[in-house]
Amino acid sequence: MNILDAPESDGLTGLEQLKAMLAAGQRPSICETLGFDLVEVGRGSAVFEGTPGAHVLNPIGTVHGGFAAALLDSACGTAVHTRLSPTQGYTTLELKTSYHRPMTVDTGVVRAEANLISFGRRAAFASAALTDADGRVLATATSTLLVFEREA
């Protein structure tokens, strides 16, 4: 069971939920599928890391852009999640991704760092950058997210 679905997550803010998930050693299933991890959360920020491997290659032998987009979307969404009240949820409305450098299985560990730009009653905006171990920018993204009240 995911901590976010557990009864003990009721009444926790988004940041408290994420910190509890990290403390419990849990990870969202997308992390299992694509091989990346949430490694840091703070108020309005989130960091994911992963190592692209053969499981995410496209037909021409480079890392599929969807791997970068998934890391960037996860980071932006999680940065927004840190600001949710116990009764709020969110979903991505738009993700604008720009690819700066290709990734291969030799790229090594990549890091997606996201920061909240603004958080309103109905919409939130975040941006993220994906970098390699040498700090070179591989991809960037901006995200628009819908913020809503969850049904009881």
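Listed residues Phe36, Phe48; which is modelled with pLDDT of 95 or more, aromatic (Phe, Trp, Tyr) and under 17 Å from Ala126 (Cβ atoms)?
Numbers: Phe36 fails: under 17 Å from Ala126 (Cβ atoms).
Step by step, each of Phe36, Phe48 is checked, and only Phe48 is modelled with pLDDT of 95 or more, aromatic (Phe, Trp, Tyr) and under 17 Å from Ala126 (Cβ atoms).
Can you name the residue in the range 52-65 that is open to solvent by less than 70 Å² (accessible area, probe 1.4 Å), out of contact with any Phe, Trp or Tyr (no Cβ under 8 Å at 6 or more places or on another chain) and part of a loop (DSSP other than H, G, I, E, B) and, of all such residues, is nearest to Ser29 (Cα to Cα)?
Per the criteria, the residue is Gly53.
Please enumerate the residues belonging to the range 81-100 that are open to solvent by 30 Å² or more (accessible area, probe 1.4 Å), assigned to a loop (DSSP other than H, G, I, E, B) and not β-branched (Val, Ile, Thr).
Arg83, Ser85, Pro86, His100
Out of Val47, Val105, which single residue is within 30 Å of Arg150 (Cα to Cα), in contact with a helix residue (DSSP H, G or I) (Cβ under 8 Å, 6 or more places away or on another chain) and outside any helix (DSSP H, G or I)?
Of the residues listed, the single one that is within 30 Å of Arg150 (Cα to Cα), in contact with a helix residue (DSSP H, G or I) (Cβ under 8 Å, 6 or more places away or on another chain) and outside any helix (DSSP H, G or I) is Val47.
Among the residues that make up the range 101-113, is at least one of them touching a Leu at 6+ places or on another chain (Cβ under 6 Å) and open to solvent by 70 Å² or more (accessible area, probe 1.4 Å)?
yes
Scan the range 108-126 residue by residue and report those that are closer than 25 Å to Glu149 by Cβ and within 13 Å of the chain's Cα centre (by Cα).
Ala114, Asn115, Leu116, Ala126 - these are the residues of the range 108-126 that are closer than 25 Å to Glu149 by Cβ and within 13 Å of the chain's Cα centre (by Cα).
Among Leu116, Leu72, which is farther than 23 Å from Gly11 by Cβ, touching a strand residue (DSSP E or B) at 6+ places or on another chain (Cβ under 8 Å) and either modelled with pLDDT of 95 or more or open to solvent by 50 Å² or more (accessible area, probe 1.4 Å) (or both)?
Result: Leu72 is the single residue among Leu116, Leu72 that is farther than 23 Å from Gly11 by Cβ, touching a strand residue (DSSP E or B) at 6+ places or on another chain (Cβ under 8 Å) and either modelled with pLDDT of 95 or more or open to solvent by 50 Å² or more (accessible area, probe 1.4 Å) (or both).
Just the residues that are surrounded by fewer than 16 Cβ atoms within 10 Å (Cβ to Cβ), in contact with a Pro (Cβ under 8 Å, 6 or more places away or on another chain) and assigned to a strand (DSSP E or B), please, taken from the range 11-44.
none
I'd like to check something: does the range 67-82 contain any residue that is under 21 Å from Ser143 (Cβ atoms) and touching a Cys at 6+ places or on another chain (Cβ under 9 Å)? Can you show your working first?
Applying the first criterion (under 21 Å from Ser143 (Cβ atoms)) to the range 67-82 yields 67-82.
Cutting the leftovers down to touching a Cys at 6+ places or on another chain (Cβ under 9 Å) gives us 74.
The answer is yes; a qualifying residue exists.
The values are calculated or read from the model by the stated rules, or taken from the named source; none is laboratory data. This structure is a prediction, so every number in the text was calculated from the model and none was measured. Neighbour counts are summed over all protein chains in view; Cβ atoms, including those assigned to glycine, are modelled from backbone coordinates with ideal geometry. In case anyone asks, the SASA skips ligands and DNA or RNA and just uses the protein heavy atoms, side chains included. Shrake-Rupley method; radii C 1.70, N 1.55, O 1.52, S 1.80 Å.
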